[in-house]
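Participant: The structure is given below, and queries will be raised subsequently.
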Amino acid sequence: MSIFGPIFGSTARPALPEGATVIDVRTPAEFAGGHVEGSINIPLDTVQRELPRFKAITGPIVLVCASGNRSGQATAWLRAQGLAHVENGGSWLNFR
């Protein structure tokens, strides 16, 4: 890592878990403006009704949004529903 990382932020991108499904919980308009290639758009306000869809995903799930706030909310709710293989990936920009 560069000595400038702590000052300017690291340029290293986090790695997605192998076989991960990336779910973007931003609005459809935000998603249309740019997203992680291959990600699925399930807006935060629809996560509860899409629970069966989340349960059907067998591998790791990484949730993203603009800043990590909405994906954090969705992660907490999904974990409370018993989905242990869900992670908050933070901003989708971390993975583009």
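Nothing in this text is a laboratory measurement; each read-out follows from the coordinates by a stated rule. As the structure is a computational prediction, the values presented were derived from the model and not from experiment. Backbone-built Cβ (ideal geometry, glycine too); neighbour counts: all protein chains shown.
Participant: Treat the chain as a sphere of radius equal to its Kirkwood radius over Cα pairs and apply Stokes-Einstein at 10 °C in a medium of 1.306 mPa s; give the translational diffusion coefficient in µm²/s, rounded to a whole number.
Facilitator: After rounding, the answer is 115 µm²/s.
Participant: Have a look at the DSSP beta bridges in the chain and tell me what percent are antiparallel, nearest 5.
Facilitator: Bridges in the chain that DSSP calls antiparallel: roughly 0 percent.
Participant: How tilted is helix 69-80 with respect to the longest principal axis of the chain? Cα atoms for both, answer in degrees (0 to 90, nearest 10).
Facilitator: Relative to the chain, helix 69-80 is tipped by roughly 50 degrees.
Participant: Something else about it: Grab the beta carbon distance between Thr27 and Lys55, set R0 = 22 Å, and tell me the FRET efficiency rounded to 0.05.
Facilitator: The value I calculate is 0.40.
Participant: In whole percent, what relative contact order does the chain give with Cα contacts below 8 Å and a gap of six or more residues? Intermediate values should be presented prior to the final figure.
Facilitator: Details: 148 pairs, mean separation 29.2, N = 96.
About 30 percent, as a whole number.
Participant: Distance from a point 7 Å along Cα→Cβ of Glu18 to each backbone N in segment 59-87: keep the residues under 19 Å and list them by number.
Facilitator: Within reach of a label on Glu18: 59-62, 85-87.
Participant: Please name whichever of Phe95, Ser71, Gly34 sits farthest to the positive end of the charge dipole of segment 33-96, dipole taken about the Cα centre and charges placed at Cβ: Lys and Arg +1, Asp and Glu -1.
Facilitator: Ranked along the dipole, the leading option is Ser71.
Participant: On to the next question. If the chain between Asp45 and Ser67 were fully stretched, how many nm would it gain, using 0.36 nm times the residue separation less the Cα-Cα distance?
Facilitator: Using 0.36 nm per residue and subtracting the Cα-Cα distance, I get 6.3 nm.
Participant: Another question, then. Before rounding to the nearest 500, sum -39500 (n - 2.57) across all DSSP H runs of length at least 4 in the chain and divide by the residue total; then give [θ] at 222 nm in deg cm²/dmol.
Facilitator: That comes out to -6500 deg cm²/dmol.
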